[in-house]
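A quick write-up on the structure given underneath.
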Amino acid sequence: MGAAKGKTLTALTEPPARPALAVAIDGGNSKTEVVVLARTPEGLTERARVIAAGSGAGPEAVVTAVSSALAEAGADPAEAQQVSAAIAGVDFPGDETGHRAALAGLFPRAEIEVVGDAVAVLEAGGGLGDALAIVCGAGLNAVARGPRGLATVPALGWVSGDGGGGDDLGREAVRAAARAEDGRGPATSLLGRVLAETGMPDTVTLARAIRDGAVTMRQVGALAAVVARAALDGDAVAGRLVARAAEEALLLADVVTRAAWGSDGAVPSGAPAVLAGGLFADSGFRGAVSAGLRDRGFDPQPLAFRPVDGLVRALRERDERPADPSPDTRRKDPR
């Protein structure tokens, strides 16, 4: 019997759609952290996490570092729908423009947000709610989110009036040592500690070495740890330097708090205050700043997540929120 003849039906199936991506970028001077998230029925799920070279040399350096990280993760930037980037050096309104344009060339289909790196710390500890963050490492920065929106400061060092960061504290250690040696200032254990740390026989030789670059400014900034140890051991001069650094941190916190909550607006009791940066490893500095923040109504807590995870947290929170037809102004900088 012959085979029955008829049409042969071939099922044409589309290849399964690859999940859309969201990308979080923490672009620091020393390293760039990238987290790739895939949208699944369960929400945004982490697909890859990569650390690449630092991106502190401008927008093109950011793109180079992120491109390298995406290639290592096997992620196609054209699949990204959302990109949230916190970049070191985004200090003034408008600084984000070049970074956003450069990232748009890499992520052609994505909605791109660029903020300063301290915002990642804020969102790591406080999510998208009202909160304060203080970052004190080599420099000092603070950012707050309140009823009036997001409040930031330039945080460019001495040119923007800043003091109290690790670099500043290291310079003060050298100053105190020199003044103790020639009698202009009080005696302090910082003299012997600073010379031992830098390997110099006296502060005149140290001054020459700093001038000539034999002792780098990075090494000077590292003397902040020497000040912290001397303060813990009861050195009065070092104790005053740590207390002054804590006062500077609280003064900067007051500036962004007033901008975010208004000069007459009280901070809700227990609002989160996120503390991040190497100087907070010193218990004396951390204790002084924390006490001042509690007096102001905040609940100070050390940063429990990596800053890039703040961006991840915020991306997930936004993804889970119902659509809101009204514009969201919570991200606006009220300056």
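The values are calculated or read from the model by the stated rules, or taken from the named source; none is laboratory data. Note that the structure is predicted; figures quoted are calculated from it, not measured. FYI the Cβ positions are ideal-geometry reconstructions off the backbone, even for glycines, and counts take in every protein chain you see. Areas reflect the complete protein model, heavy atoms only, side chains present, ligands, DNA and RNA absent. Shrake-Rupley method; radii C 1.70, N 1.55, O 1.52, S 1.80 Å.
Candidates 291, 236: the one that is under 19 Å from residue 125 (Cβ atoms), surrounded by fewer than 18 Cβ atoms within 10 Å (Cβ to Cβ) and modelled with pLDDT of 95 or more is 291. Does residue 164 satisfy the condition of being assigned to a loop (DSSP other than H, G, I, E, B) and at positive phi? The answer is yes for residue 164.
You will find that of 242, 226, 215, the residue that is among the β-branched types (Val, Ile, Thr) and either in contact with a Ser or Thr (Cβ under 6 Å, 6 or more places away or on another chain) or over 20 Å from residue 139 (Cα atoms) (or both) is 215 and no other. Residue 186 passes every criterion in (1) in contact (Cβ under 8 Å) with a residue 24 or more places away in the chain; (2) over 32 Å from the mean Cα position of the chain (by Cα); (3) surrounded by 14 or more Cβ atoms within 10 Å (Cβ to Cβ) apart from (3).
Of the helices (runs of 4 or more DSSP H) lying entirely inside the range 198-292, those carrying at least 2 residues that are in contact with a helix residue (DSSP H, G or I) (Cβ under 9 Å, 6 or more places away or on another chain), at negative phi and of a type in the set (Val, Ile, Thr) are 203-212, 224-232, 236-261. Of everything listed in (1) surrounded by fewer than 15 Cβ atoms within 10 Å (Cβ to Cβ); (2) at pLDDT 90 or above, the single unmet condition for residue 57 is (2). Here residue 14 clears all of (1) modelled with pLDDT of 85 or more; (2) more than 19 Å from the chain's Cα centre (by Cα) except the condition numbered (1). For residue 40, the requirement of being modelled with pLDDT of 85 or more and farther than 14 Å from residue 103 by Cα is met. Residue 315 - would you say it is open to solvent by less than 60 Å² (accessible area, probe 1.4 Å), at pLDDT 85 or above and within 26 Å of residue 160 (Cα to Cα)? In short, no.
For the range 132-152, a residue qualifies if it is crowded, with 24+ Cβ neighbours inside 10 Å and either among the hydroxyl-bearing types (Ser, Thr, Tyr) or more than 18 Å from residue 279 (Cα to Cα) (or both), and the qualifying residues are 144, 145, 146, 152. For the range 83-92, indicate whether the set of residues that are in contact (Cβ under 8 Å) with a residue 24 or more places away in the chain, closer than 18 Å to residue 62 by Cα, of a type outside the set (Asp, Glu) and touching a Phe, Trp or Tyr at 6+ places or on another chain (Cβ under 7 Å) is non-empty. Checking the range 83-92: at least one residue is in contact (Cβ under 8 Å) with a residue 24 or more places away in the chain, closer than 18 Å to residue 62 by Cα, of a type outside the set (Asp, Glu) and touching a Phe, Trp or Tyr at 6+ places or on another chain (Cβ under 7 Å). Residues in the range 116-127 that are open to solvent by 20 Å² or more (accessible area, probe 1.4 Å) and more than 10 Å from the chain's Cα centre (by Cα): 125 alone.
Looking across the range 153-183, just one residue is of a type in the set (Val, Ile, Thr), more than 30 Å from residue 128 (Cα to Cα) and open to solvent by less than 70 Å² (accessible area, probe 1.4 Å), and that is 174. Residues that are under 17 Å from residue 36 (Cβ atoms), outside any strand (DSSP E or B), of a type outside the set (Ser, Thr, Tyr) and in contact with a strand residue (DSSP E or B) (Cβ under 6 Å, 6 or more places away or on another chain) within the range 67-102 comprise 69, 72, 73, 75, 79, listed in sequence order. Restricting attention to the range 197-229 and to residues that are closer than 23 Å to residue 240 by Cα and polar (S, T, N, Q), the residue that is most open to solvent (accessible area, probe 1.4 Å) turns out to be 219.
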